[in-house]
Structure formats: C-alpha cells, structure tokens
Amino acid sequence: FGLMGYDPAFLNTANCKSAITFIDGDKGILEYRGYPIEQLAEKSSFLEVAYLLLKGELPTQKELENFTFNVTHHTLVHENIKSFIDGFRYDAHPMAMLGSTVAALSAFYPDAKNIKDARSREIQITRLIAKMPTLAAFSYRHAMGLPFVYPDNDLSYVANFLAMIKRIGTSAFKVHPTLEKALDVLFILHADHEQNCSTTSVRTVGSSQVDPYSAVAAGVGALYGPLHGGANEAVLRMLREIGSKANIPEFIKQVKGGEGEKKLMGFGHRVYKSYDPRAKVIKRVADEVFDVTGKNPLLEIALELERIALEDEYFVKRKLYPNVDFYSGLIYEAMGFQAEMFPVLFAIPRTVGWCAQWEEMVTDNEQKIARPRQVFTGAARRDYVAQDKRK
Ligand code: SDX
C-alpha cells in the first residue's frame, strides 16, 4: 500500500502526483511551487500566493494587478443567495451555511460545467476565490442576527472581508493594519497542503467532471470535521476545559490513559512527524496580534501544554508536535471571531488550494473518475434461505 494507506492506483483520482505543494513531514518542510512557506509568509501577500498556486509562477506587477482587479470585481453574490441564507435557522453553524451556499453557486453559473474550457475555468475559479469571503461574512452576520454588509471593492481582499464581518458599533473587531496583515499571513499559511482530507474530497468529487462549485462544496464538508478544519475550534474548547496551567498534568494523564478517545487537539499530523512549519510562523504572528489586541489568557496554558507535551515520552515516541491549528484559534479569538468561524477562516484561503488542485486534475488527460477498490471482509457466497427456515 502506498503512503496514504492506499495504493495510489486505488484512489486513482487523488493521483498523489502533483506539482503544486511539496511537504517533507520528517524535516518539517512546506513549499508552494518550490517556494518555502516561511519566505512567502514573510515577503508575499495572499493574492500573490493565490496566483502562484494557480499559475505555477510568481506574477509580474501587471499580472498581479489584473488578478487582483478580477478577484475584487467578483466579490458580489446574486441577491437570491441572500434569501438562501435567510432560510437558515438563526443558530445555523456558519460552516454549514458556507458549504450549502457554495454548492448553490453551481445553480447560478450553469456555464461552470464547461470544465474543459480554460477561460470558463478561470472565470469560475476567480468567482470562487472572490465570493468565499462574502459568503463567509454573510453566513456569520446571519448567525449573529445582523444585517449583511456588502463588499467594498476599494478595499484589499482581507480588509474587505473584515469590513463585511465587523459588527456595527462594537469594538469586538479592532480593524488594525497589524491584524489585516496577520490575517493575510494566516491565509497564506492555510492556502494549500497537498492531498489532505478536504483536497482529496475536491479531487474525488471533481473527477466525475462536475462543476468546480460542487467539487469545492465537498471540500468545505470535509474541512468542517473536528479532525481537520474544526481542530482549532476544538483546541480552544480543550484549553478552556483544562482551565489553568496547574491542571495540565491531569489532562495529559487522561490523554495518555484514554486509549485514543481523548486527543491533544492541535497536535499530531498524518504527514508531519516534526513541528508543522506553519505553526512556527503562527506563533510569531500571535505575538504581533496580541501586542494589538492584548494577550489571549489561554495562551499561557497553550505554551505550557506544548512545553510539557514536547518533553513527554508518549508524544515524543509518537512524533506528535503542534500543527497549524494549535495556535491559530487563539489569534482568531483575539481578533474578535467566534469559534464557529474558525473552520470558515480555514475554508476561505484553502479555496485557492482546492481550485489549483482541481484544475491540475481536470487538465490531466490521463485523469479517470475516482473509483477506489475495497478489501472485502464480509460473508462468503451463500444461498437464499426462505423466511420459515430462518432461525
Ligand atoms: C489539519 O492532512 C493535512 O494536511 C491536514 C491539515 C491541512 O492543512 O489540510 O494540515 C490541517 O487537519 C491539521 C490536523 C488538525 N487535527 C487535529 O489537531 C486533531 C488532533 N490530531 C489527531 O486527531 C491526529 O493527530 C490527526 C488526525 C491529525 C492525525 O491522525 P493519525 O495520522 O491517524 O495519527 P496516527 O494514527 O499517526 O497516530 C499515531 C498515534 C496513535 O496512538 P497509538 O494507536 O499509537 O497508541 O498517536 C496518537 C494516536 O492515538 N495520536 C494522538 C494524537 N494524534 C495522534 N494522541 C493524542 N493526541 C493527538 N492529537
């Protein structure tokens, strides 16, 4: 069996062949189209990284201006999408609303079925990247019982999103250049990550040659899970459950003795058997954010929990280190986001990776529909038994 527990041929669609993102889990290396994530986080911007992931090269100034213009001018959604969101209960989870509305876009853009046409693919991908923040913001404001705020095309990608989220008259969101820059860096870090659960879902659904909205909606569904995109929401719940640094040893004891039911959320990774390089960058971003927002009181517990776990044989032996989710939730909460929004904040940037991987797959002429085979473990062949003969 191959790396992922399946022979790549079984999966067929995930292909496990891609030129987009490289990960070395033992060395803690992550590169987008050959560029180290640390350099992109420090020197690039989210839309420039989006261009890189989609096109394979860093854009010239003119190329980036055109790409930014196109994304900026596709942020609006059809007015009927608003009534679609209004149909949800007041307490609907924003991630559930996001997945439903992304799938609904498939009905608004029937030309998206022309997946073999490069121009059509480019338009749909631009729409997806542009409209995700708007759908996310509308879902959030519906959940908060607040009126929708329309996108403002004079603002940058991140500033536009924050402006659509910002609650009227409350200081919950300190819209501040440091926070905008921090969110842009977090979007870069979350943009793509090879054949993770949600990207494989997008590739699998997309391999049936369905439109990209339907394929991306499958990715949103996978990312909603607590073991994937829901992990940073679970980290904050875990830190609140621990409550103080003094309680950490008892919590660690429950994890180690719990036969795997109780996990240290934000720790461990299917591929990284070393420190997730994104978590290192996020820790730096956290310091900058907390300088503006004030330190999240849970940070001290998180830092002590990491220190203890990294010295504990149970975690060391299993190569369990902090992953991208261990600190990101602390930052989002300090910015003013509710925990329900954390997986949504993951889905917005990951839409770029899903689109890049979807396009790589649909333009691969050897691509076939996903049709994994199984290892049958059921009953051997047997004949039908009349009802009056059954025991
Ligand atoms: C993301 O794939 C990606 O790239 C995903 C992602 C992306 O960008 O798309 O990086 C984003 O999803 C990050 C992961 C977020 N999830 C969490 O933080 C949830 C907590 N982590 C675990 O659920 C777990 O580590 C996984 C799901 C992330 C990975 O699980 P695996 O690969 O199934 O872990 P494993 O089978 O290799 O575990 C080996 C051992 C097991 O114990 P034993 O059976 O050997 O006794 O380690 C244990 C596991 O029980 N273990 C943990 C643990 N993770 C694994 N024990 C305690 N706490 C944990 N977090």
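The values are calculated or read from the model by the stated rules, or taken from the named source; none is laboratory data. Quick caveat: nothing in here was measured; it's all calculated off a predicted structure. Glycine also receives a Cβ, built like all others from the backbone with ideal geometry; neighbour counts cover every protein chain displayed. Heavy atoms of the whole protein, side chains included, go into the accessibility calculation; ligands, DNA and RNA do not. Shrake-Rupley method; radii C 1.70, N 1.55, O 1.52, S 1.80 Å.
Things to note:
- The range 292-304: number of residues that are out of contact with any helix residue (DSSP H, G or I) (no Cβ under 7 Å at 6 or more places or on another chain), closer than 11 Å to I331 by Cα and assigned to a helix (DSSP H, G or I): 0
- Any hit, the range 174-184, residues being within 16 Å of the ligand (Cβ to nearest atom) and hydrophobic (A, V, I, L, M, F, W, C): no
- Residue in the range 288-295 that is open to solvent by less than 10 Å² (accessible area, probe 1.4 Å) and more than 13 Å from the ligand (Cβ to nearest atom) present: yes
- Taking every residue in the range 349-364 that is closer than 11 Å to L53 by Cβ and free of Cβ contacts under 8 Å to residues at least 60 places away in the same chain and pairing it with any residue that is outside any helix (DSSP H, G or I) and open to solvent by less than 10 Å² (accessible area, probe 1.4 Å), at least 6 positions away or on another chain, yields no pair with a Cβ-Cβ distance below 7 Å.
- Considered as a group, the residues in the range 76-98 that are of a type in the set (A, V, I, L, M, F, W, C) and open to solvent by less than 50 Å² (accessible area, probe 1.4 Å) include one that is nearest to M132 (Cα to Cα), and that residue is L98.
- If you go through the range 220-270 and keep only what is more than 9 Å from the ligand (Cβ to nearest atom) and at positive phi, you end up with just G243.
- Of the set (1) under 17 Å from the mean Cα position of the chain (by Cα); (2) assigned to a loop (DSSP other than H, G, I, E, B); (3) among the acidic types (D, E), all apply to D364 but (1).
- Helices (runs of 4 or more DSSP H) wholly inside the range 191-251 containing at least 1 residues that are surrounded by fewer than 24 Cβ atoms within 10 Å (Cβ to Cβ), in contact (Cβ under 8 Å) with a residue 12 or more places away in the chain and of a type in the set (S, T, N, Q): 197-206, 212-223
- A334 satisfies every condition listed in (1) surrounded by fewer than 12 Cβ atoms within 10 Å (Cβ to Cβ); (2) under 22 Å from A231 (Cα atoms) except (1).
- When the range 30-47 is filtered for residues that are in contact with a Ser or Thr (Cβ under 9 Å, 6 or more places away or on another chain) and open to solvent by 30 Å² or more (accessible area, probe 1.4 Å), the ones remaining, listed by number, are E31, R33, Y35, S45.
- Any hit, the range 340-361, residues being of a type in the set (V, I, T), closer than 26 Å to A215 by Cβ and away from the ligand (no atom under 16 Å from the Cβ): no
- Looking only at residues in the range 264-283 that are open to solvent by 40 Å² or more (accessible area, probe 1.4 Å) and closer than 22 Å to T200 by Cβ, the one that is farthest from the chain's Cα centre (by Cα) is K273.
- Hits in the range 298-328 (condition: open to solvent by 40 Å² or more (accessible area, probe 1.4 Å), more than 10 Å from the ligand (Cβ to nearest atom) and under 25 Å from the mean Cα position of the chain (by Cα)): L303
- Taking the listed residues D111, D117, D154, the one that is touching a Ser or Thr at 6+ places or on another chain (Cβ under 7 Å), over 26 Å from N232 (Cα atoms) and surrounded by fewer than 19 Cβ atoms within 10 Å (Cβ to Cβ) is D111, with no other qualifying.
- One residue from T21, T68 being polar (S, T, N, Q), under 30 Å from R318 (Cβ atoms), at pLDDT 95 or above and touching a Phe, Trp or Tyr at 6+ places or on another chain (Cβ under 9 Å): T21
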